[in-house]
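Enquirer: Supplied in structure tokens, the structure appears directly below.
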Amino acid sequence: VVSLKQGVSSPSSLDPEVLSVFVPPFVSKEDSPTAGAPSATLSKTRRRSFRKKRDKPKTEPWKGLPPEDISVPDLLALPQLCFPGGVYVASEPKEDCVHFLVLTDVCGNRTGSEGDTGLLLSLQDESCFYNGKAHWEPSWPTAGVAGCFVPFAVCVVSKLPYYNALKDCLSCLLTHLKLCKDFEVDNHIKDFAAKLSLIPSPPPGPLHLIFNMKPLQIVFPSRADPESPVIDLDLHLPLLCFRPEKVLQILTCLLTEQRIVFFSSSWALLPLVAECFLAYLHPLQWQHTFVPVLSCQMLDFVMAPTSFLMGCHLDYFEEVSKEADGLILINIDNGSVTCSSDEDVDVPDMPLLAAQTFTQRVQSLQLHHELDLAHQGASTDLNGGRACRWGWQQRLNCQVQHAALQLLFSIFREVKNHLNYEHRVFNSEEFLKTRAPGDQQFYRQVRSASRLSRRMDAFAQMDLHTQSEEDRLNGMLASPRRPTIEKMASRKSSPLHVAHRRMVVSMPNLQDIAISELPARNSSLRKVDTADYGSGSIVVSVAPKPTYTFKIPEIHFPLVSQCVQAYYLDCVALLSKAMSLLAPDNSALLARYFYLRGAVHLMHGQLLDALLDFQSLEVVDKPGEAPKPDDRVKNFELPKKHMQLDDFVKRVQESGVVKDTNIIHRLFEALTVGHQKQIDPETFKDFYNCWKEAEAEAQEVSLPLSVVEHLDKNECVYKLSSSVKTNRGVGKIAMTQKRLFLLTEGRPGYVEISTFRNIEEVRSTTVAFLLLRIPTLKIKMASKKEVFEANLKTECDLWYLMVKEMWAGKKLADDHKDPQYIQQALTHVLLMDAVVGTLQSPGAIYAASKLSYFDKMKNEMPTAFPKTTSETLKHKINPSAGETLPHAVDVLLYTPGHLDPAEKVADAHPKLWCALNEGKVTVFDASSWTIHQHCFKVGTSKLVSKPSALRCNITVLFEPHLLLCVHTASKVYSCSADGTVLAWNVSSLRVTSRFQLPGGRLSSISLHDGHLWCCTGNSIVVVTSSGLLCQELKISENFKETSTSFLSFQLLPEVPCAGRDSIYVWSLKDLTQRPQSVHLQDCSEVSCMIRVKKQIWVGGTGASQGKSKGKIYVIDAERKTVEKELVAHMDTVKTLCSAEDRYVLSGSGRGEGKIAIWKVE
């Protein structure tokens, strides 16, 4: 004031202080209508200087629900951040202004501050976003002093970044503050704070909330999904400030984790533009220091040696540029990007093709709302015009997000090919080899940005969801991966593809490859050519997903307890009404309403109602498995110390070579033959390099069209010999999963050698040539008299092992009707090749022979099934394909196909649902017996039974120890192993009744003639639907000579029940009569039983050829005799399932983990 009176042009800055602090909750249920007055506030008469002391106001205990701990940032720094340019007294009022603050910890995590708690208007206690709005109020006049104006600010702390929404809320508050008197300011702000604290946060999804703050309707948008941030700002702001090539440079700086400082003459633009760029990075996250607004007292922060993202006023540009080196300086006002040091910072260029597409998409965007309104009349409704503007902004935000996502997706698309999901390992060196020469520097720097590179698997997950089902499953199940003939034929002979092929095998002349059709790029930050990229590529127009809004009822007196309770009741009523008007199939929106209503019930203190609403979420919108907090990707590194078996298994699986644990055990035996049972790092490195070189050579194979037309489109070339002399010409022997053929030299041609099925004999011998004996491979075919001979020389012994293994694998596949044997034989063959290349010693062939697993199996035991089994068995499938170990098949459920107009044709095919142990489920397309969905998790416990075979549409609940039985289309009975039975209404999925069975030990349940038949171990209990006991068949009364118990039963005109080695049949006409017994020969245990037509199929364990195996007994239900004994499983048969009475499907234990498909006669 004195400075103003004396005419000083630059008065000194004052120290700001906090006048009042408001912290929720403001009222409780027990409060009287006037009880809202006392709260955590500091009145103007009790002003405290936070420069001197940090006091914590005492908050009255809340008598309702225990609130969350509300923590706020350290208030020593907050006042100066609210006035980053300083606090100055003015002789004239200045324009109202707004700016935003974002507070994180030093690591950039938005999890709240570590300072004092309860000292700001605070809504939540986690990541804190600040939205401050200041207005100028006149100070009290004093004698002899002219009037002056002192700045006054209101700061709102929010957990979620509602930039636009809170800005609008504060604008509404300002209209009221300008009309009120000085002593009324605290009451108005407190009333405003109480209203904000009662607005729930919308759950992720398509539902936004609207609140009437008067005079504006405020929209609180939801996040698109739980992993996405809330977007409540104008994402096109950077595109208005920077040219597309500058935007790409800034994104490159973020991806390579540079030290970045934004500058602007507007404090508000600094956090908004910085937040927009971070939104462009999604699903990647910036995890370093983030301070978008630095006050004048914080300028020394830019001297920090680590990566950061900060913002300063443009007035400090020259000072920061001179004092700090190695900074990326971004001027928002003129759109420039420079560096602070004399020499350019080493910032690489964005990959060209991705950058070119992004530029074209940005240039196609309509960034000016005025152009969109040119054809419309002027709006006479304030909120109507705002709603129109908000809708336009949402559509534009969607387009900007898709452009940024497409850019990052193009950059990291191939990450999935080098990422091991199970072990969270990324092989960056192999990934770099596949990049274009000009892009490798970019990827190297991104890789060195360790914190950011941990998030690269997000793009691999996204790519798995966008690629074709065939490619997705092949990527998971095909091991080892090789290009099929179909993909090989579709390759284009463009210079870019030639470069890519060369890069795979790391050819030394990579630098000589020039891609002439792509424009050159400038790597300098200071000089950027604005070349016209053209418009050659197609810009995809993406329509935003439909969204919905829910209007929150008004809160008239938020400081009065009765009014708050009335507000909660109004919310519940409006939400219930909105839910009743929803279409039945709109489960996504229904789930959001359930969540909101549950949250309101919780705040209202209606805990039971809240619990019921939250339980309903599990039914209408069950969320996916949440990511683990420490689920980070580490870079793949070769081992540096000796490995025992368990460590070797883990290392091989991490490397992506093989996943099957049993195969890795055989590989370990091969690599340690004649040595101590451990593998040194050098041997592992040699093995890994041999495997990768063979993989690269297979990618390099290019077959002429004259050869391709002789092969099936799904065949892959897995091995090529060197050029050898054969009795059918000179060339290279090629191995696919089906055949051997000769790729002749000179004029490339195709000469068929043999299919593996047609091989009759394979021999390794020598032939005389002058004074030499040349190792020769001889293959005799069943359909030809001529024997194929190839002078393979040093490769002969290896090819002899490989051909015999493939021959044995094909024979096993044909005999067992299981194509999985071919895939495993191929893996053995390629591992043999890698072992020989690794050891390179006289004993290498003997070591490789340890992987001749199927060849030894063929010689040691008969491979063919008994005739009855072979005639009945149709096919075998493996639900554990792609897993490290086989999983026991606990339950099989067949669902018949149907074609609904709303469904895709592929979804209308019949399905086979396979519940494996550890809570995993695999789904097969039963029309082709191919995997439809691979091993998704539904829990942690196994499913121990299944619904009965009634034809009703029901929801299958996968829960531990849950047994299901369908009564009608409107009722389901669920039973736990302890004998508890629950009756459910199908439409509402609510429990209508419950009762307890005597004895417990419930193993199976069925329905007949309105009664429940329950197998409880030592007895079979017949009860009514309400639980009244009708009859009980006790095992002690009929089987005094046995100590066994019932395992399962089926309802026919008679009641057959299974014991350990027999089936017992009662007549339903007289259950008191002694049952008939059907003995099961060589059966040691019965585990399951189903009825198919006039047969009873019984699965269990029995002896076959002197060994314990899974056996199936087919019993004639009328004659009560065993018709067939089927033996096709290596482990016990755990479950049986009928597919429309045409096929029976059997699942085996974890020793084999496969499913057999049987024909029903």
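Enquirer: At 1.4 Å probe size, put Thr547, Thr869 in order of accessible surface, largest to smallest.
Expert: Values: Thr547 80, Thr869 0 Å².
From most accessible down to least: Thr547, Thr869.
Enquirer: Specify whether the C-alpha gyration tensor of the stretch 553-621 places it in the rounded, prolate or oblate class, a ≥ b ≥ c being the square roots of the eigenvalues: rounded for a/c under 1.5, otherwise prolate if a/b is larger than b/c and oblate if not.
Expert: Details: a/c = 3.35, a/b = 1.74, b/c = 1.92.
Oblate shape, in that a/c is at least 1.5 and b/c is the bigger or equal ratio.
Enquirer: Please give the length that would be gained between Arg1142 and Leu582 if that part of the chain were fully extended, namely 0.36 nm times their separation in residues minus their C-alpha to C-alpha distance (nm, one decimal). Could you put the intermediate results ahead of the total?
Expert: Details: separation 560, 0.36 × 560 = 201.60 nm, distance 4.13 nm.
That works out to 197.5 nm of additional length.
Enquirer: Quick one: Cα centre-to-centre distance for the stretch 774-834 and the stretch 294-321, in angstrom?
Expert: 69 Å
Enquirer: If you don't mind, another one. Using 1/(1 + (r/R0)^6) with R0 = 41 angstrom and r between the beta carbons of Arg1119 and Thr895, what's the FRET efficiency to the nearest 0.05?
Expert: Efficiency, rounded to the nearest 0.05: 0.80.
Enquirer: Within 10 Å, count the other beta carbons around each residue, average over each peptide in 705-715, 1111-1121, and list them highest first.
Expert: 1111-1121, 705-715
Enquirer: Sum up the charges of everything whose Cβ sits under 10 Å from the Cβ of Val1114, counting Lys and Arg as +1 and Asp and Glu as -1, but leave Val1114 out.
Expert: -3
Enquirer: Of all DSSP beta bridges located in the stretch 673-858, what percent are antiparallel, nearest 5?
Expert: Of those bridges, close to 95 percent are antiparallel.
Enquirer: Here is a further query. Listed here are the pairs Lys487/Lys732; Lys911/Lys1034; Lys811/Lys874; Lys685/Lys811; Lys416/Lys858; Lys713/Lys876; which of them are more than 27 Å apart at the Cα?
Expert: The answer is Lys911/Lys1034; Lys685/Lys811; Lys416/Lys858.
Enquirer: Moving on to the next point. In nm, to one decimal, how far is the modelled label at Glu92 from the one at Asp1082, with both set 7 Å along Cα→Cβ?
Expert: According to this spin-label approximation, the distance is 10.6 nm.
Enquirer: What percent do you get for the relative contact order of the stretch 673-858 when only Cα pairs under 8 Å and 6+ apart count?
Expert: Value for the stretch 673-858: 17 percent.
Enquirer: Oh, and also: In percent, what relative contact order does the stretch 1106-1161 have, based on Cα pairs under 8 Å that are 6 or more apart in sequence?
Expert: 26 percent
Enquirer: Using a probe radius of 1.4 Å on heavy atoms only, what accessible surface per residue do you get for the stretch 673-858? Whole Å² is fine.
Expert: Roughly 46 Å² per residue, with all protein chains present.
Enquirer: Using a basic spin-label model with each label point 7 Å from the Cα along Cα→Cβ, how many nm lie between Tyr548 and Asp712?
Expert: In this crude spin-label approximation the distance works out to 4.9 nm.
Enquirer: Among Lys725/Lys780; Lys738/Lys856; Lys780/Lys1154; Lys817/Lys1109; Lys1124/Lys1154; Lys867/Lys1120, which pairs are too far apart, with a Cα-Cα distance over 25 Å?
Expert: Pairs exceeding 25 Å: Lys780/Lys1154.
Enquirer: Could you work out the local net charge near Ser379, counting Lys and Arg as +1, Asp and Glu as -1, over the other residues with Cβ closer than 10 Å to its Cβ?
Expert: +1
Enquirer: I've got another one for you. Please give the FRET efficiency for Trp929 paired with Glu700, using the beta carbon to beta carbon distance and R0 = 41 Å, rounded to the nearest 0.05.
Expert: 0.75
Enquirer: To the nearest Å, what is the center-to-center distance of the stretch 1094-1147 and the stretch 663-712, using C-alpha atoms only?
Expert: Distance between centres, Cα-based: 41 Å.
Enquirer: With a 1.4 Å probe and every protein chain left in place, tell me how much accessible area Thr868 has, in Å² to the nearest 10.
Expert: We get 60 Å² for Thr868.
Enquirer: Still on this structure, please answer the following. Can you give the accessible area of Ser336, probe radius 1.4 Å, in Å² rounded to 10?
Expert: Accessible area, nearest 10 Å²: 30 Å².
Enquirer: Where a ≥ b ≥ c are the square roots of the eigenvalues of the C-alpha gyration tensor, would you call the stretch 673-858 rounded, which needs a/c under 1.5, or, failing that, prolate if a/b is larger than b/c, or oblate?
Expert: Rounded shape, in that the Cα axes give a/c under 1.5.
Enquirer: Suppose each label sits 7 Å from its Cα in the direction of the beta carbon; what would the Leu365-Asn859 distance come out to in nanometres?
Expert: 6.8 nm
The values are calculated or read from the model by the stated rules, or taken from the named source; none is laboratory data. Since the model is a prediction, treat every value here as computed from it, not as a measurement. Methodologically, a virtual Cβ is constructed for each residue, glycine included, from the backbone with ideal geometry; neighbour enumeration extends over all protein chains shown. Calculation scope for accessible area: heavy atoms of the full protein, side chains included, ligands and nucleic acids excluded. Shrake-Rupley method; radii C 1.70, N 1.55, O 1.52, S 1.80 Å.
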